[in-house]
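Take a look at the structure set out below.
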Amino acid sequence: MAALVSTVSSIISLNINNNNNTFTSSNHNNYNIIHNKTALMSTNNNNNINNIISRRSANYQPSLWHFDYVQSLSTPFKEGAYAKRVEKVKEEVRVMVKRAKEEEKPLSQLELIDVMQRLGISYHFENEINDTLKDIYNNNNVYNTNNNVYANSLEFRLLRQHGYPVSQEIFSTCKDERGNFMVSSNDIKGMLSLYEASFYLVENEDGILEETREKTKKYLEEYIIMIMEKQQSLLDQNNNNDYDYDYELVSHALELPLHWRMLRLESRWFIDVYEKRLDMNPTLLTLAKLDFNIVQSIYQDDLKHVFSWWESTNMGKKLEFARDRTMVNFLWTVGVAFEPHFKSFRRMITKVNALITVIDDIYDVYGALDELELFTNAVERWDISAMDGLPEYMKTCFLALYNFINDLPFDVLKGEEGLHVIKFLQKSDELKRGDVPKSIQCKMYEDGISEEEARQHGHGIQDRQTKDHVLSLLIHPIPLTQ
């Protein structure tokens, strides 16, 4: 839980200081979820007969993110002066990208794009980046003239990431007669680049990159151990002033590869790391800090909106058995679409996920079978009068759902596209469920295997899904201008 609090704080409430990296935030305590069962009195509104209903409770703790705290969030970066400064710095970066392209040094262009992506500012330069990558792909500039593993791996990763069906033949000049990569264990930069590129495979592709992933991972892990021992030695000598940029990148990649990371969190981490890099570009860093803080101010407005909506539904107070995951749901939307112009999406989907969470807890944890049948029938009828026969706690949820679904089409209709979506929101195929076991538990039970074996199976599924995702990019690339 502490990790989640830290993650959210880094996105919504911790400004990046242009002078130093000192932050302040509230302290939050961890909590444990305890599962138990309680017997409660419930009134059946249909026949006014009191029944003893055995209800389960997960003892979910109240949200750590209080309404008043969220409403108090503020930042000076909403002021127009910062937006004007961003536009000025963006022009400087645009000139930088143009100059790099004119110099016809593909590797330098790729490195610039990679840094811009990791700093979280590439969305400002989508057309320029697309033009650069298109030229590199069409001309095969890097791997026709360079047998450097680092350069070829970087090109492979960036091109596949942006939907270009680049072949693994890009690595042909980097392999020996046995098909193994000619990369030295001392070439940490090349090893890391190759490791990151290995996550951009598709199903049924030659396994050389996948096999190489394990080898490079082993070398990178050994490198981390070596650097840690070196740092400890320097610490013992009171001489630990050296900053190892490669060490930071390698340890970060071994924890989780770039392809699996949340873009905005990656940007927040990389800004601090990049600032300490010896050849850091101050213009890129300035834009990254300004952009992060300005976008953060938009997130704060989004949060105030969704927290006000949640407060107005009264579900947090009347449905104490259910999870209040407003902040978690919002964080999920940032992972899907962090760009500032997607604020309507973030607000809408946060509300959708909040309603899904509450309804899930009603069906999976709290509701009795006859109550769930009443609720299902009420949703299928989709009539406000249908809530009259529901228990009090269900009335609160149904009213929130009813109002949201009816308000949503109006909000979409008055938007730029003027879409009519009400017909897509009037039917539901929600399943009536009992307590749903986790996927790991299902696998353990079905195959009679240990928890660790079940987890490894889950990792295999994740890897296959990653390959499917890469394949979808190659077949149906998303235009950068979207």
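For the residues Leu265, Leu194, Leu209, Leu256, the requirement of being at pLDDT below 90 and not β-branched (Val, Ile, Thr) singles out Leu209. Within the span defined as region 52-70, every residue fails to be small (Gly, Ala, Ser), part of a helix (DSSP H, G or I) and either more than 29 Å from the chain's Cα centre (by Cα) or in the same structural domain as Lys318 (by the TED database) (or both). Being modelled with pLDDT of 80 or more and farther than 30 Å from Lys289 by Cα holds for only one residue in Tyr223, Tyr274, and it is Tyr223. Take the conditions in contact with a helix residue (DSSP H, G or I) (Cβ under 8 Å, 6 or more places away or on another chain), crowded, with 21+ Cβ neighbours inside 10 Å and over 30 Å from His124 (Cα atoms) and apply them to Ile359. Does it pass? Spelling it out, Ile359 is indeed in contact with a helix residue (DSSP H, G or I) (Cβ under 8 Å, 6 or more places away or on another chain), crowded, with 21+ Cβ neighbours inside 10 Å and over 30 Å from His124 (Cα atoms). Output yes when any residue across region 299-312 is in a helix (DSSP H, G or I), closer than 22 Å to Ser57 by Cα, in the same structural domain as Ile356 (by the TED database) and in contact (Cβ under 8 Å) with a residue 40 or more places away in the chain, and no when none is. Yes; the residues of region 299-312 include at least one that is in a helix (DSSP H, G or I), closer than 22 Å to Ser57 by Cα, in the same structural domain as Ile356 (by the TED database) and in contact (Cβ under 8 Å) with a residue 40 or more places away in the chain.
For the criterion of being assigned to a helix (DSSP H, G or I) and over 22 Å from the mean Cα position of the chain (by Cα), Leu209 passes. Contact annotation: residue pairs with Cβ atoms under 6 Å, 6 or more positions apart or on different chains, pairing a residue in region 139-164 that is at positive phi with a partner that is modelled with pLDDT under 85 and surrounded by fewer than 22 Cβ atoms within 10 Å (Cβ to Cβ), are Gly163/Leu473; Gly163/Pro477.
The values are calculated or read from the model by the stated rules, or taken from the named source; none is laboratory data. Given the structure is predicted, the values throughout are model-derived calculations rather than measurements. Cβ atoms come from the backbone with ideal geometry, glycine included; neighbour counts cover every protein chain shown.
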